[in-house]
1. Output yes when any residue across the range 277-289 is modelled with pLDDT of 90 or more and outside any helix (DSSP H, G or I), and no when none is.
2. Suppose the filter is assigned to a strand (DSSP E or B) and outside the structural domain of residue 329 (by TED's automatic domain parsing); does residue 120 pass it?
3. Which of the residues that make up the range 319-343 are surrounded by fewer than 20 Cβ atoms within 10 Å (Cβ to Cβ) and within 17 Å of residue 53 (Cβ to Cβ)?
4. Could you tell me whether residue 317 is under 23 Å from residue 371 (Cβ atoms), part of a helix (DSSP H, G or I) and without any contact (Cβ under 8 Å) to a residue 12 or more places away in the chain?
5. Out of all the residues in the range 44-58, which are surrounded by fewer than 21 Cβ atoms within 10 Å (Cβ to Cβ), in contact with a helix residue (DSSP H, G or I) (Cβ under 9 Å, 6 or more places away or on another chain) and at pLDDT 85 or above?
6. Which residues, counting only those in the range 60-79, are part of a helix (DSSP H, G or I), touching a helix residue (DSSP H, G or I) at 6+ places or on another chain (Cβ under 9 Å) and surrounded by fewer than 20 Cβ atoms within 10 Å (Cβ to Cβ)?
7. Please pick out the residue among 225, 210 that is at pLDDT 85 or above and either surrounded by fewer than 18 Cβ atoms within 10 Å (Cβ to Cβ) or in the same structural domain as residue 80 (by TED's automatic domain parsing) (or both).
8. Being surrounded by 13 or more Cβ atoms within 10 Å (Cβ to Cβ), assigned to a helix (DSSP H, G or I) and touching a residue at least 60 places away in the same chain (Cβ under 8 Å) narrows it down to one of 347, 300, so name that one.
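The values are calculated or read from the model by the stated rules, or taken from the named source; none is laboratory data. Worth saying up front: this structure is predicted, and the values here are computed from it rather than measured. Glycine also receives a Cβ, built like all others from the backbone with ideal geometry; neighbour counts cover every protein chain displayed.
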């Protein structure tokens, strides 16, 4: 028995020494411990990937809803986005990721520091992607009383929820069409105002909650409420790949990743860094991209002919087209940009019969060609 314990201690000692050595030589990160499938390794589903990229470049597009069959890589692609997210500057000791240069969207905690001329410490951090579980409670989403401080110190303090964590980041909801109605209402309020208000046991707090809303789901499991659907800037509809050769390639990629995740990720490290640098540069150039007034008028003509409710469709098309031009390192939006993004922006906003599914984009394209008929170049 004694020799058995000695063997166990020897094994654990070697184990700890090897882990310490690995930390010193390779500086282990979360991604190395739990690798994520690389975004640049994903085969096909270009519409979905483009929608995500455009939202990273311009978060004000308003997020994306991705609907499609089971097993089409929706969750894999969205989670793969994490590695590509650029860094932002936040206030170090603020739980709401406040921007130190944007007074209007700061939390009350940071504003008080500014008013009192206290030093504001900042740091760089990656844009966060927060998962919202379907079974999450209202307290978990919005925040609640910090019971530990209440019991130990006898004071009322606020414990931030998922909306606080997602501020200036991404809030991801898998199977969004199965989300409880009361949580949908909370998200609608936060998405509309950019703020989250919590009233709990004598505590009233109002904090910024400006996030990119990304959802995925299977249309067979139920439709989204129109109020929530309209909050998503883009709508990407994907299906199962039919090409046998492409299917084989997808399977091979997945098998290779499962067998050796770290080695597989390292193969795509250069491509990942290249795309990441491209996204950072695109975000910086976004304010310089122009779209002429004639194109703006024609965009609104398409929306009017399709009877799109409100002006969200017009706004999102303008933003998405500029983000696409910026991604391709151009200073001017073209008709080709508008044609590419318009179905993503309007498909879920069309008025339709209750028995119909969301339009695949054909109706939007037909209207585009009617409105832009006289000006369409040969390559569009």
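1. Yes.
2. Values: assigned to a strand (DSSP E or B): no; outside the structural domain of residue 329 (by TED's automatic domain parsing): yes.
For residue 120, the condition - assigned to a strand (DSSP E or B) and outside the structural domain of residue 329 (by TED's automatic domain parsing) - is not met.
3. Initially, the range 319-343 is screened for residues surrounded by fewer than 20 Cβ atoms within 10 Å (Cβ to Cβ), giving 328-332, 334-336, 339-340.
Residues satisfying the conditions are 328, 329, 330, 336, 340.
4. Numbers: under 23 Å from residue 371 (Cβ atoms): yes; part of a helix (DSSP H, G or I): yes; without any contact (Cβ under 8 Å) to a residue 12 or more places away in the chain: no.
In short, no.
5. Correct list: 47, 49, 50, 53.
6. Start the filter on the range 60-79 by keeping residues that are part of a helix (DSSP H, G or I), which leaves 60-61, 74-79.
Next, from what is left, pick out any that are touching a helix residue (DSSP H, G or I) at 6+ places or on another chain (Cβ under 9 Å): 60-61, 74, 76-78.
The answer is 60, 76.
7. Values: 225 fails: at pLDDT 85 or above.
Selected residue: 210, the only one of 225, 210 that is at pLDDT 85 or above and either surrounded by fewer than 18 Cβ atoms within 10 Å (Cβ to Cβ) or in the same structural domain as residue 80 (by TED's automatic domain parsing) (or both).
8. Numbers: 300 fails: touching a residue at least 60 places away in the same chain (Cβ under 8 Å).
Only one candidate qualifies: 347.
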